[in-house]
1. Points 7 angstrom from Cα along the Cβ direction at Gln143 and Leu161: gap in nanometres?
2. Could you pull out every residue, at least 5 positions away or on a different chain, whose amide H is within less than 5 Å of the one on Gly108? Hs are placed 1.01 Å off N in the peptide plane, and Pro or chain starts have none.
3. log₁₀ I(q)/I(0) of the stretch 74-249 at q = 0.10, 0.17 Å⁻¹, via Debye over equal Cα point scatterers, no solvent, to two decimals?
4. On the first, second and third principal axes, largest extent first, how far apart are the outermost C-alpha atoms of the stretch 66-148 in Å?
5. Once you've got the Cα coordinates, tell me which of Lys151/Lys197; Lys92/Lys197; Lys182/Lys241; Lys204/Lys241 are over 23 Å apart.
6. Restrict the search to the stretch 206-238; then list the chymotrypsin sites (Phe, Trp or Tyr not before Pro) that DSSP places in a loop and that have at most 12 other Cβ atoms within 10 Å of their Cβ.
7. Check which residues have an amide H placed less than 5 Å from Gly124's amide H, if you skip close sequence neighbours.
8. If you wrap a convex hull around the Cα atoms of the stretch 185-251, how much volume per residue is inside, in Å³?
Amino acid sequence: MKNSNNSIPELLRRALTAQLDMGLGELIVAKPEPRPGLPEMGQPEVSRVVSVMDLFGQSSADQKLPNYDSLEAHYAAICQCQQCPLGATRNKFVYGVGSPDADLLFIGEAPGAEEDRLGEPFVGRAGQLLDRILAAMQLSRQQVYIANILKCRPPNNRDPLPDEMAKCSPYLDEQIRLLNPKLICALGRVSAQTLLKTTTPLGKLRNRWHEYQGIPMLITYHPAALLRFPAYKKDTWEDMKMLKARLDGMK
Ligand code: SF4
């Protein structure tokens, strides 16, 4: 049936969709020539390039990124990333650590100071506590995989910004595709809420199973929170027992 909606927004939408179909992801928005008799107010100051996806209200990070054959190839492709301002302030890019054949993937929110210095996730005091938790589960960091949603440290360990998460999370998704773990454990509020796209408090998300990318996911406290609030350790251990029981049941 013929589309009778020929409004300007609809015509613009169709033109941009056609542009995307042709593989053109950006528009050059030029400063218009001044027209005699018309005020210059409201004219753009400079020419600029805008993403077509952004015009649709969709982050350019939502675009389909290429798939890679291995974690090494993926790392090599993205380790110089400057997609968000954190690329300019990081010391080291923090990709992930562990076994590429791991059944269990832990996901935190972002590198801290020690991680930024050494280029490895969870190596500060919180990381040492995670190692002790793993040991209590009769696991080691060589048997699991550990990564963060953000690969670069936010200054002063502030919470990641939504735009930083949107730009960086496709990298985590590709890591998950390559690892194909049996189970995921999200560590901490920011990681859990970002992956589940929710604002539900962590206390209401833990102690039950969720899914991320079709993979069963459990949520528990971030080890850094356990250092500040040791009372959360009991609940965390209950979560870890749930995680270990399901993992063992999958072998
Ligand atoms: S945080 Fe992620 S998106 Fe931002 S520069 Fe680092 S790798 Fe790139």
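1. Between Gln143 and Leu161, the simple spin-label model gives 4.1 nm.
2. Ala147, Asn148, Ile149, Leu187
3. -0.33, -1.05
4. Here the spans come out as 38, 30, 17 Å, largest first.
5. From the list (Lys151/Lys197; Lys92/Lys197; Lys182/Lys241; Lys204/Lys241), the Cα-Cα distance tops 23 Å for Lys92/Lys197.
6. When the chymotrypsin sites (Phe, Trp or Tyr not before Pro) of the stretch 206-238 are filtered for loop state and at most 12 Cβ neighbours within 10 Å, Trp209 remain.
7. Long-range HN contacts for Gly124: Glu115.
8. 80
All of the numbers you see were taken from the coordinates with simple rules; none came from a lab. This one's a predicted model, so the numbers in the text were calculated from it and none came from an experiment. Backbone-built Cβ (ideal geometry, glycine too); neighbour counts: all protein chains shown.
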